[in-house]
Amino acid sequence: MIAYIKGNLTYIQDESVIVEVQGIGYEIICANPFVFQHLLNKEVLISTYHYVREDIQVLYGFKDEDQKYLFTKLISVSGIGPKGALAVLGTVNVADFVGAIEREDDKYLTSFPGVGKKTARQIILDLKGKLTTMISISSTDSDHELHKEANQNLAQLDEAKEALKALGYSDREIKSVLPNLPNDENISTDTIIRKALALLMKN
C-alpha cells in the first residue's frame, strides 16, 4: 500500500492534486484539494490511502493522519463508499464527528451529503467506541456546546457560499478561498462574505 506521497505539488484541480515524484505525476483525490493551495510548486508530503478494486485503483489524499484514519473507518461502514467518505471529510472537524458518533447524534450525522437516517445508525453501530483512541473525546456539556457552535459555523459558511455563487463565482473559485475563511461562530455571515470577496479579488 502507498502510505504517503512526497514530492513537488505541481497542480491543483477541483477534486484532486498532482504531485510529481522523480518525473512521475501522481493524481491524488482529496476532499478539498485547495487546503494545499499554499504549498503549490513546493515540496509536500500527503498522507494517502491506496484504494484498490478489480476495476479501479485510486489514491486518496488527506491533510493529516486523523482524516485518513476516519476515512478508512467510514468506508468500512455498509452504504458508504470513498466518495461518500470524502463528502463527509470535506466539511467536518474530525473530533466533532467522533463526538457525534459517541453521543449517537443522528441529527448531526445526517447533516452530511449522502448520509440518511439508516446510514447514520449504521455509522454509530459500526464505529461507536472504535474511534476515541485517536482523539480525546468527552461527553460533557461543554462538548455539546462546541458541537452546537460547529454546526452554527457550518451553516454560516453554507450561506456565504450560496451568496458568492449568486454573485457569479464558480465552485472552484469559492473552494480556493475556503481554507482561509474565519472559522468562528461569533463571526457573521456578512463578515465571511466580505473576507471571501477580498481573497477572491486578490486571485
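Considering only residues that are more than 18 Å from the chain's Cα centre (by Cα) and either assigned to a strand (DSSP E or B) or touching a residue at least 60 places away in the same chain (Cβ under 8 Å) (or both), look in segment 1-14 and name the one that is surrounded by the fewest Cβ atoms within 10 Å (Cβ to Cβ).
LYS6
Based on this model, can you work out whether LEU89 counts as modelled with pLDDT of 85 or more, crowded, with 18+ Cβ neighbours inside 10 Å, closer than 17 Å to TYR60 by Cα and within 18 Å of the chain's Cα centre (by Cα)?
Criteria met by LEU89.
Kindly state which helices (runs of 4 or more DSSP H) lie completely within segment 129-203 and contain at least 2 residues that are open to solvent by less than 90 Å² (accessible area, probe 1.4 Å) and at pLDDT below 65.
Result: 141-166.
Test each condition in (1) touching a Leu at 6+ places or on another chain (Cβ under 6 Å); (2) at pLDDT 95 or above; (3) not small (Gly, Ala, Ser) for ASN8 and report the one that comes out false.
Answer for ASN8: the failing condition is (1).
Can you spot a residue in segment 32-41 that is of a type in the set (Phe, Trp, Tyr), farther than 23 Å from ASP158 by Cα and either modelled with pLDDT under 95 or open to solvent by less than 80 Å² (accessible area, probe 1.4 Å) (or both)?
no
The values are calculated or read from the model by the stated rules, or taken from the named source; none is laboratory data. What you are looking at is a predicted structure, and each value in this text was computed from that prediction instead of being measured. Cβ sites come from the backbone with ideal geometry, for glycine too, and all protein chains shown count toward neighbours. Only protein heavy atoms, including side chains, enter the accessible area calculation; ligands, DNA and RNA are left aside. Shrake-Rupley method; radii C 1.70, N 1.55, O 1.52, S 1.80 Å.
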